[in-house]
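Enquirer: Below are the structure tokens for one structure; questions will follow.
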2 protein chains.
Amino acid sequence: MTTLKKFPPIGLLVFSLAMTLTLSVYAADSTEKSTAKAAPIYPELLANALKSDKAYALLESLTTEVGPRMAGTPGDALGVAWAVKAFKALGYDKTYTEAVTYPVWERGVETGAVLSPFPQKLQLTALGGSIGTGKKGVQGDVVEFTDYAELQAAPESAVNGKIAYISNRMTRSRDGSGYGKAVIARSAGASAAAKKGAIALLIRSIGTDSTSRSPHTGIMRYDNTPTRIPAAALSNIDADLLSNMLKRGQPVRIQLRLDARIRKADYTGANVIGEITGALKPDEIVVIGAHLDSWDLGTGALDDGAGVVITMAAGALIKQDAIASKKPLKRTLRVIAFANEEQGLYGGNQYAKTHADTLLSTHIIAAESDFGAGRIYQFNTKLPEDQLHRLAPLHAVFAGLGIAAGNNLARGGPDLTAMAALGVPMAELAQDGTKYFDIHHTAEDTLDKVVPEELKQNVAAYALFARFFTTDW
Amino acid sequence: MTTLKKFPPIGLLVFSLAMTLTLSVYAADSTEKSTAKAAPIYPELLANALKSDKAYALLESLTTEVGPRMAGTPGDALGVAWAVKAFKALGYDKTYTEAVTYPVWERGVETGAVLSPFPQKLQLTALGGSIGTGKKGVQGDVVEFTDYAELQAAPESAVNGKIAYISNRMTRSRDGSGYGKAVIARSAGASAAAKKGAIALLIRSIGTDSTSRSPHTGIMRYDNTPTRIPAAALSNIDADLLSNMLKRGQPVRIQLRLDARIRKADYTGANVIGEITGALKPDEIVVIGAHLDSWDLGTGALDDGAGVVITMAAGALIKQDAIASKKPLKRTLRVIAFANEEQGLYGGNQYAKTHADTLLSTHIIAAESDFGAGRIYQFNTKLPEDQLHRLAPLHAVFAGLGIAAGNNLARGGPDLTAMAALGVPMAELAQDGTKYFDIHHTAEDTLDKVVPEELKQNVAAYALFARFFTTDW
């Protein structure tokens, strides 16, 4: 791992949209100690973005007219059609799709209940990719592990023939870092339990809500353990209930039925791409994007409808700005709505593969919005160190949006993983995810969770970012 | 309706538990202008109640070991057995049951979906008492009415053959007064719609949450309209979604399946009664109580597990206080856990019938806790006006708990309706219900919604109330 310097913190810059201020621009290169004054970049674009209802209206449309967009379901195709139509309606110069093929996981009916000693229904949901239980379901006594490590350390005799239950809690934080620590129970728990003879896996939902009956789904993977067992997440309240039952020391017997399955035939969906063509260097590309697919339980408003509409609206506002200011984009802006991120980054990986030959020579920078609709608080990059001083005008305008200059360790976003690995420069507009994991991957991921003012700040930031890199970089 | 005077507001009384204060007692009778000073009543009972975890522990037990207690379900019988055991364990002098018979409504599977133009699943739940749709379900176009009155005013041609949808929103308030205004859509909407030829009724949930996918159930009634149609509530988020679809002006077609039904045979459950016997006048009765049944979606923590454990724990603390202080109760305290309130006040009505002959001669006063576990903020009575001045010591100690003297219009509580109608004196310990209707009758009615400190304040208030009326009145 290379050691990358962090940006020095920028000073507190007070920026008023209403006034044309001359700003003391941040001197990114500490060797320069520049105190040059410059007008803020793209004030009209910024003002228009902050007052535009475009993104919210798009999100209302996507969640109402399409709703859930799980990979391979009818909602997947409806989502693609919606995105094509939206790019066109927004005045993008080019709209096209690129095929992406992936397996299809189906959820089906899912039920759970404690049979004894305290019969009660349980609210749970199958983990994405899980096999089903068969129509008869699975019955067994539960053995609780406080986390994945405890399950791994347990003797086979403690697990064999039982339903393994991992009850670790995800911790809340602005950057969502609790997710990575907790999610191994979801992603790897089933095979770890199967190795020791478990007949099913239950986990506490990987989420931060503590008063909800809505379980959190999300992808899981089977490793090469020959036995595959079904896996489901309890809502956090149902997890509390089960843990409270287990504390009483009697065997707790559970019945679980999941009709989940993988379809025999793969499905071919699409990345949907809208472009605003660069006037001077049309073959140089700045990518912003998000993933179009969602889980099936909610309407995918935050994950990742928000990202789709933030980046779509940002592009549309840039196009308008280019016309109004008679200052065309130098490079091409490519807004990508990626297919099937949730079940394995299929859209992002396919994009990197399809464009492999020209990726490094044409792609200037890429950023993905995939962390809800919370306010952006930090701007990170992955650029050559000697180029960082050129970001000063962008940092200045970001400061006015409450966005601090961050580090040079950006990974770009899930769908950009393959591109980043190949060396494409990256940016991250880091969002406040304090509340994101309360509703992430649940039925509660719906339009009402989006705060319009926060969404506007996101659109403004993406618009300024993409305008700067397509035109001024 | 008789005109009853309101209590004059009492002055701000600062009361400290930690100190033995001499209080300026409120002069209830304005003709007296008394400024007599007196020691606060039952300081040890108050202190013990405010530090007791008994009620919370009982509620944890009830929600974990029994869970939902819908009338006539296995949970009903488990709840009765739990209450009998709990009264005995708490040291009540007498524990017994009185039979109550009622019909049994079963929920079964329930699903809903928009078929066109924007296919999506809908989260909904059958209203209690609704008939089912049959296995094939019901399909139809939706016609929206902003409230019950608009449905009533609509021409038959607008409703005939359609699914009528009433979308009125319940307003939030401390006293829950928005419920009474909104609930007619739920209670009477189906027959009103059926009269005009509707094939089903949908309503926006009668609840105050605006970010939840959990629909609110609750009882509905068919009037003598010959046609009965199935009725269900959408979650408030799904109601928003449906209204947003309808705004687009295209026909919105819905598929609804409810397997709900009324069982052929009635069920005999029970009121569960615990008594602490009065030493001097054992035949004079003070009643406190709550209803033991709940709806089936949550664990009935707030509705009305909280009321059950508040009154049970209050009685147990009074018994302990009587022993410790060597000051026995003069009258008998009767704590009643009523059967099947939710589907028609069966337990309360049966109690009034069973005890009709002696009700007025033996029942001194009655109060029910059935509004969650929020802090009590006001004490209302229904007593002869010339007796009100005798409440002064109780008002004084209540002031220290943040409970203001209220009016003399108390109705006592749902299960006391029949007793109140017969003239039994009533009291109301009015709870802050600001958040109550966010989770009332939903899957979210679970233990985590109860704030332990608020529950303790309730226990303290009921303990003081019942101690005062059994011993000092």
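Enquirer: Please verify whether the range B:159-176 includes one or more residues that are closer than 30 Å to B:Ile376 by Cβ, in contact with a helix residue (DSSP H, G or I) (Cβ under 9 Å, 6 or more places away or on another chain) and within 14 Å of chain A (Cβ to nearest Cβ).
Expert: Yes: the range B:159-176 contains one or more residues that are closer than 30 Å to B:Ile376 by Cβ, in contact with a helix residue (DSSP H, G or I) (Cβ under 9 Å, 6 or more places away or on another chain) and within 14 Å of chain A (Cβ to nearest Cβ).
Enquirer: Still on this model: Within the range A:299-327, work out how many residues are among the basic types (Lys, Arg) and assigned to a helix (DSSP H, G or I).
Expert: 1
Enquirer: Right, something else. Taking into account only those residues within the range A:229-254 that are within 14 Å of chain B (Cβ to nearest Cβ) and part of a loop (DSSP other than H, G, I, E, B), which is nearest to A:Gly207 (Cα to Cα)?
Expert: Across the range A:229-254, the extreme among qualifying residues is A:Ser235.
Enquirer: Separate question: Might you check whether a residue that is within 30 Å of B:Val104 (Cα to Cα) and either buried (at least 24 other Cβ atoms within 10 Å of the Cβ) or more than 24 Å from the chain's Cα centre (by Cα) (or both) occurs anywhere in the range B:373-393? Lay out the reasoning, then the answer.
Expert: Let us first name the residues in the range B:373-393 that are within 30 Å of B:Val104 (Cα to Cα), namely B:373.
Still in the running and either buried (at least 24 other Cβ atoms within 10 Å of the Cβ) or more than 24 Å from the chain's Cα centre (by Cα) (or both): B:373.
Among the residues of the range B:373-393, at least one is within 30 Å of B:Val104 (Cα to Cα) and either buried (at least 24 other Cβ atoms within 10 Å of the Cβ) or more than 24 Å from the chain's Cα centre (by Cα) (or both), which makes the answer yes.
Enquirer: Scan the range A:37-82 for residues that are under 19 Å from A:Phe465 (Cβ atoms), of a type outside the set (Gly, Ala, Ser) and out of contact with any strand residue (DSSP E or B) (no Cβ under 8 Å at 6 or more places or on another chain) and jot them down. Show your work before the answer.
Expert: If we filter the range A:37-82 for residues that are under 19 Å from A:Phe465 (Cβ atoms), which is where we start, we get A:38-52, A:54-55, A:58.
So of that shortlist, the ones also of a type outside the set (Gly, Ala, Ser) come out as A:40-46, A:48, A:50-51, A:54, A:58.
Listed by number, the residues that qualify are A:Ile41, A:Tyr42, A:Pro43, A:Glu44, A:Leu45, A:Leu46, A:Asn48, A:Leu50, A:Lys51, A:Lys54, A:Leu58.
Enquirer: Under the condition of being assigned to a loop (DSSP other than H, G, I, E, B), in contact (Cβ under 8 Å) with a residue 24 or more places away in the chain and over 33 Å from the mean Cα position of the chain (by Cα), which residue from the range B:107-119 is farthest from the other protein chains (Cβ to nearest Cβ)? Talk me through it step by step, then tell me what you get.
Expert: Of the residues in the range B:107-119, the ones assigned to a loop (DSSP other than H, G, I, E, B) are B:107-109, B:117-119.
In the following step, the residues that additionally are in contact (Cβ under 8 Å) with a residue 24 or more places away in the chain were identified as B:107-109, B:117-118.
Checking which are over 33 Å from the mean Cα position of the chain (by Cα) leaves us with B:117-118.
Working: B:Pro117: 8, B:Phe118: 5 Å.
The qualifying residue farthest from the other protein chains (Cβ to nearest Cβ) is B:Pro117.
Enquirer: Among the listed residues A:Thr146, A:Thr208, identify the single one that is at pLDDT 95 or above and within 14 Å of chain B (Cβ to nearest Cβ). Show your work before the answer.
Expert: Numbers: A:Thr146 fails: within 14 Å of chain B (Cβ to nearest Cβ).
After applying the criteria, what remains is A:Thr208.
Enquirer: Next question, about the same structure. Any residue at all in the range A:304-321 that is buried (at least 24 other Cβ atoms within 10 Å of the Cβ) and within 14 Å of chain B (Cβ to nearest Cβ)?
Expert: Within the range A:304-321, one or more residues are buried (at least 24 other Cβ atoms within 10 Å of the Cβ) and within 14 Å of chain B (Cβ to nearest Cβ).
Enquirer: Being under 23 Å from A:Ala399 (Cβ atoms) and of a type in the set (Asp, Glu) is the filter; apply it to the range A:409-463 and report the residue that is nearest to the other protein chains (Cβ to nearest Cβ).
Expert: Applying the filter and picking the extreme gives A:Glu454.
Enquirer: Among the residues of the range B:378-396, how many are over 15 Å from B:Leu464 (Cβ atoms), of a type outside the set (Lys, Arg) and part of a strand (DSSP E or B)?
Expert: 1
Enquirer: Same structure again: Given the criteria in contact with a strand residue (DSSP E or B) (Cβ under 8 Å, 6 or more places away or on another chain), within 14 Å of chain A (Cβ to nearest Cβ) and not in a loop (DSSP other than H, G, I, E, B), does B:Asp283 qualify?
Expert: Values: in contact with a strand residue (DSSP E or B) (Cβ under 8 Å, 6 or more places away or on another chain): yes; within 14 Å of chain A (Cβ to nearest Cβ): no; not in a loop (DSSP other than H, G, I, E, B): yes.
Against the criterion (in contact with a strand residue (DSSP E or B) (Cβ under 8 Å, 6 or more places away or on another chain), within 14 Å of chain A (Cβ to nearest Cβ) and not in a loop (DSSP other than H, G, I, E, B)), B:Asp283 does not qualify.
Enquirer: Which residues, counting only those in the range B:85-106, are farther than 20 Å from B:Ala339 by Cα and free of Cβ contacts under 8 Å to residues at least 12 places away in the same chain?
Expert: B:Ala89 - this is the single residue of the range B:85-106 that is farther than 20 Å from B:Ala339 by Cα and free of Cβ contacts under 8 Å to residues at least 12 places away in the same chain.
Enquirer: Among the residues of the range B:182-201, write down those that are more than 24 Å from the chain's Cα centre (by Cα) and closer than 26 Å to A:Thr299 by Cβ. Outline the logic, then answer.
Expert: Step one: of the range B:182-201, the residues more than 24 Å from the chain's Cα centre (by Cα) are B:191-201.
B:Ala200, B:Leu201 - these are the residues of the range B:182-201 that are more than 24 Å from the chain's Cα centre (by Cα) and closer than 26 Å to A:Thr299 by Cβ.
Enquirer: Same structure again: Tell me, yes or no, whether the range A:431-440 has at least one residue that is at pLDDT 95 or above and more than 17 Å from the chain's Cα centre (by Cα). Reasoning before the result, please.
Expert: Here is the first cut: in the range A:431-440, the ones at pLDDT 95 or above are A:431-440.
Restricting the remaining residues to those that are more than 17 Å from the chain's Cα centre (by Cα) gives none.
Within the range A:431-440 (the criterion being at pLDDT 95 or above and more than 17 Å from the chain's Cα centre (by Cα)), the answer is no, since none of the residues qualifies.
Enquirer: When you go through A:Arg257, A:Arg213 one by one, which is the residue that is within 14 Å of chain B (Cβ to nearest Cβ), modelled with pLDDT of 95 or more and within 25 Å of the chain's Cα centre (by Cα)?
Expert: Details: A:Arg257 fails: within 25 Å of the chain's Cα centre (by Cα).
Going through A:Arg257, A:Arg213 in turn, the sole match is A:Arg213.
Enquirer: Also, quick follow-up: Given the condition surrounded by fewer than 24 Cβ atoms within 10 Å (Cβ to Cβ), modelled with pLDDT under 95, more than 26 Å from B:His440 (Cβ to Cβ) and away from every other protein chain (no Cβ under 14 Å), answer yes or no: does some residue in the range A:182-199 qualify?
Expert: So far as the range A:182-199 goes, no, none of its residues is surrounded by fewer than 24 Cβ atoms within 10 Å (Cβ to Cβ), modelled with pLDDT under 95, more than 26 Å from B:His440 (Cβ to Cβ) and away from every other protein chain (no Cβ under 14 Å).
Enquirer: Would you pick out the residues in the range B:346-365 that are of a type in the set (A, V, I, L, M, F, W, C), buried (at least 22 other Cβ atoms within 10 Å of the Cβ) and either under 28 Å from B:Tyr222 (Cα atoms) or within 15 Å of the chain's Cα centre (by Cα) (or both)?
Expert: First, pick out the residues of the range B:346-365 that are of a type in the set (A, V, I, L, M, F, W, C): B:352, B:356, B:359-360, B:364-365.
Those left that are additionally buried (at least 22 other Cβ atoms within 10 Å of the Cβ): B:365.
Answer for the range B:346-365, where residues must be of a type in the set (A, V, I, L, M, F, W, C), buried (at least 22 other Cβ atoms within 10 Å of the Cβ) and either under 28 Å from B:Tyr222 (Cα atoms) or within 15 Å of the chain's Cα centre (by Cα) (or both): there is none.
Enquirer: I've got another one for you. Which numbered condition in (1) in contact with a helix residue (DSSP H, G or I) (Cβ under 7 Å, 6 or more places away or on another chain); (2) crowded, with 19+ Cβ neighbours inside 10 Å is the only one that B:Thr417 fails?
Expert: If we test B:Thr417 against (1) in contact with a helix residue (DSSP H, G or I) (Cβ under 7 Å, 6 or more places away or on another chain); (2) crowded, with 19+ Cβ neighbours inside 10 Å, just (2) comes out false.
Enquirer: When you look at B:Ala322, is it touching a strand residue (DSSP E or B) at 6+ places or on another chain (Cβ under 7 Å) and within 26 Å of B:Pro282 (Cβ to Cβ), yes or no? So that I can check it myself, show each step before the final result.
Expert: Working: touching a strand residue (DSSP E or B) at 6+ places or on another chain (Cβ under 7 Å): no; within 26 Å of B:Pro282 (Cβ to Cβ): yes.
Criteria not met by B:Ala322.
Enquirer: For residues that are within 12 Å of chain A (Cβ to nearest Cβ) and not in a helix (DSSP H, G or I), scanning just the range B:57-86, find the one that is farthest from B:Gly300 (Cα to Cα).
Expert: If we take residues in the range B:57-86 being within 12 Å of chain A (Cβ to nearest Cβ) and not in a helix (DSSP H, G or I), then B:Thr73 is farthest from B:Gly300 (Cα to Cα).
Enquirer: So for the range A:120-133 (the condition being under 18 Å from A:Arg253 (Cα atoms), away from every other protein chain (no Cβ under 14 Å) and either assigned to a strand (DSSP E or B) or of a type outside the set (A, V, I, L, M, F, W, C) (or both)), does at least one residue qualify?
Expert: yes
Enquirer: Looking at the range A:319-341 only, could you name the residues that are closer than 27 Å to A:Ala418 by Cα, of a type outside the set (Gly, Ala, Ser) and out of contact with any Phe, Trp or Tyr (no Cβ under 6 Å at 6 or more places or on another chain)? Don't jump to the end; show me each part of the working.
Expert: So in the range A:319-341, the residues closer than 27 Å to A:Ala418 by Cα come out as A:329-341.
So of that shortlist, the ones also of a type outside the set (Gly, Ala, Ser) come out as A:329-336, A:338, A:340-341.
Scanning the range A:319-341 gives A:Leu329, A:Lys330, A:Arg331, A:Thr332, A:Leu333, A:Arg334, A:Val335, A:Ile336, A:Phe338, A:Glu341.
Enquirer: If I ask for residues that are assigned to a loop (DSSP other than H, G, I, E, B) and under 20 Å from B:Leu50 (Cα atoms), which ones from the range B:328-356 would you list? Break it down into steps so the answer makes sense when it comes.
Expert: Applying the first criterion (assigned to a loop (DSSP other than H, G, I, E, B)) to the range B:328-356 yields B:328-330, B:339-345, B:355-356.
Matches in the range B:328-356: none.
Enquirer: Now a separate question. Please work out if B:Leu297 is within 15 Å of the chain's Cα centre (by Cα) and of a type outside the set (Gly, Ala, Ser).
Expert: When the stated conditions are applied, B:Leu297 does not pass them.
Enquirer: Right, next: Output yes when any residue across the range A:422-445 is under 30 Å from A:Ala233 (Cβ atoms), in a helix (DSSP H, G or I) and among the hydrophobic types (A, V, I, L, M, F, W, C), and no when none is. Spell out the reasoning first.
Expert: Kept after step one, since they are under 30 Å from A:Ala233 (Cβ atoms), are these residues of the range A:422-445: A:428-445.
Adding the requirement that they be in a helix (DSSP H, G or I) leaves A:436-439.
Still in the running and among the hydrophobic types (A, V, I, L, M, F, W, C): A:437, A:439.
Checked the range A:422-445: at least one residue is under 30 Å from A:Ala233 (Cβ atoms), in a helix (DSSP H, G or I) and among the hydrophobic types (A, V, I, L, M, F, W, C).
The values are calculated or read from the model by the stated rules, or taken from the named source; none is laboratory data. The model shown is predicted, which means the values in this text are computed figures rather than measured ones. Heads up, the Cβs are rebuilt from the backbone with ideal geometry, glycines too, and the neighbour counts pull from every protein chain shown.
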